[in-house]
Amino acid sequence: MPPNYRVYILKLDHRPERDKRVTMHTALVARAFGSQSFYLSGICDNNIKSNLSGVTQQWGGEIEFSCINNPVKFSKKWKEGGGEIIHLTMYGLQVDDVIDDIRSSLKDKLVIIGGPKVDPIYYELADYNVAIGNQPHSEIAALAIFLDRLFKGRELYLEFSGGTVRIIPSPRGKRVERKKEH
Ligand code: SAM
């Protein structure tokens, strides 16, 4: 059964020359693991938008992409609108200690992931500061593990509508089936 809330991702402080691949991979995780939107603050990078749209044209599904000029204002408005904020940080509470509360709240969720430095205001704005272990690693890994715990692994079985191809899982080699046009 799909959850009664939607999950949106905000990646802070993007710099294309430094973060191109990392940001693209967080956007791919956001899409593949069942998020509705990928929001980007920092330098607006339409390459991320067009790469993401190329992936959805081929593999299906829908994910909205927007650049956010003022992520603090955006986050405050998100909360005023009734949503909650989950900030992923190694300084937060262990995911296992809070994931049941987060999952049982019916509020739409904005999951914030940072770059090298995160403004302290996000720790204040967050309803939950969540650690995927208390060691530094990566926003890609943190996002994937968080979404997997939130959706209890069901996101791995999502069927994406649209697109032109789908994979037929096989023990060896690559089997890809062309979808029928409607
Ligand atoms: N000092 C940072 C921190 O507060 O987690 C690590 C910076 S890391 C290069 C970039 C982003 O990856 C962080 O802003 C956070 O969103 C995510 N991240 C890294 N390690 C994490 C962890 N153990 N738990 C949760 N998120 C993590």
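The values are calculated or read from the model by the stated rules, or taken from the named source; none is laboratory data. Note that the structure is a prediction, hence the values are computed from the model and not measured. Because the Cβ atoms are built from the backbone with ideal geometry, glycine has one as well, and the counts that use them run over all protein chains shown. These accessible areas exclude ligands, DNA and RNA; they are computed on the full protein's heavy atoms, side chains included. Shrake-Rupley method; radii C 1.70, N 1.55, O 1.52, S 1.80 Å.
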Scan segment 109-118 for residues that are closer than 19 Å to Tyr8 by Cβ and open to solvent by 20 Å² or more (accessible area, probe 1.4 Å) and report the count. 2
Looking at segment 85-100, is at least one residue farther than 19 Å from Leu12 by Cβ, more than 14 Å from the ligand (Cβ to nearest atom) and either surrounded by 14 or more Cβ atoms within 10 Å (Cβ to Cβ) or not hydrophobic (A, V, I, L, M, F, W, C) (or both)? yes
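Anything in segment 105-131 that is in a loop (DSSP other than H, G, I, E, B), more than 6 Å from the ligand (Cβ to nearest atom) and touching a strand residue (DSSP E or B) at 6+ places or on another chain (Cβ under 6 Å)? List them, or say none.
Answer for segment 105-131, where residues must be in a loop (DSSP other than H, G, I, E, B), more than 6 Å from the ligand (Cβ to nearest atom) and touching a strand residue (DSSP E or B) at 6+ places or on another chain (Cβ under 6 Å): Lys107, Ala126, Asp127.
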Counting only residues that are open to solvent by 90 Å² or more (accessible area, probe 1.4 Å), within 8 Å of the ligand (Cβ to nearest atom) and among the polar types (S, T, N, Q), segment 132-171 contains a total of 1
